[in-house]
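Written below as structure tokens is the structure these notes are about.
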Amino acid sequence: MKNIIIVVLAVLVVGVGVYLLPGNENEQADDVVQDIKQLVNDYSIGNVTAEAASITSDELIVTDSDENQTTYDLPEDEFFVSIASFIETTHPCANHSLTGCQGELVEQEFHVYIEDTEGNVILDQPMETQANGFFDLWLERDKTYNIAITQDGKKAESQFSTFEGDNTCITTIQLEGNKSA
């Protein structure tokens, strides 16, 4: 019995010590960031439900069925943005509702090209919208980006930024005409 107690105490001391080791704070911070990003994704694709879940430039706000609100801080160096290009129908939006916003072009593939104002290519690949008609991105904060979205000969170009207070929901990118991809 005495040996078991010593082993349990040793495990507890070592376990607590791991959390106190220098550099471990970064690992914990990385885990928290990944957990928040996963939580945002889960609300976005409907794996987790809530009465409401919306995302501002700084936080995820979740409201349960009893109208209790829980807020989660977003990563300090990354900005969440959800984009729904459209052909005919859109809605005005500033802060994306992970549980309520609905885009026109559901589960469709687009080619998305994003570069920053210095000309660095951030994204150049096909992307598919989710069941809500949006695709979600995590981008570097405090930057301005140029975006081009193409699909079946239609194209749209726009600009958005990721500064504090900027919109997390972009619904103003209208695909038009038979422009070259």
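Brief remarks follow.
- Checked against (1) surrounded by fewer than 18 Cβ atoms within 10 Å (Cβ to Cβ); (2) of a type in the set (Val, Ile, Thr); (3) over 18 Å from the mean Cα position of the chain (by Cα), residue 150 passes all but condition (1).
- Count of segment 148-181 residues which are farther than 27 Å from residue 47 by Cβ and either of a type outside the set (D, E, K, R) or touching an Asp or Glu at 6+ places or on another chain (Cβ under 8 Å) (or both): 19
- Hey, residue 104 within 30 Å of residue 64 (Cα to Cα), in contact with a Phe, Trp or Tyr (Cβ under 7 Å, 6 or more places away or on another chain) and of a type in the set (Asp, Glu) or not: yes
- Tally of residues being in contact (Cβ under 8 Å) with a residue 24 or more places away in the chain and over 14 Å from the mean Cα position of the chain (by Cα) across segment 121-131: 1
- None of 60, 139 is within 16 Å of residue 43 (Cα to Cα), within 18 Å of the chain's Cα centre (by Cα) and of a type in the set (A, V, I, L, M, F, W, C) except 60.
- On inspection, residue 94 passes the criterion of being among the aliphatic types (A, V, I, L, M) and in contact with a Cys (Cβ under 8 Å, 6 or more places away or on another chain).
- Condition check for residue 67: over 10 Å from the mean Cα position of the chain (by Cα) and either within 18 Å of residue 127 (Cβ to Cβ) or at pLDDT below 95 (or both): yes
- Taking segment 116-139 as the range and being surrounded by 13 or more Cβ atoms within 10 Å (Cβ to Cβ) and closer than 22 Å to residue 76 by Cα as the test, the residues that pass are 116, 122, 123, 135, 136, 137, 138, 139.
- Residues that are free of Cβ contacts under 8 Å to residues at least 24 places away in the same chain and in contact with a strand residue (DSSP E or B) (Cβ under 8 Å, 6 or more places away or on another chain), drawn from segment 45-104: 59, 61, 62, 63, 64, 69, 70, 71
The values are calculated or read from the model by the stated rules, or taken from the named source; none is laboratory data. This one's a predicted model, so the numbers in the text were calculated from it and none came from an experiment. Neighbour counts run over all protein chains shown; Cβ positions are idealised from the backbone, glycine included.
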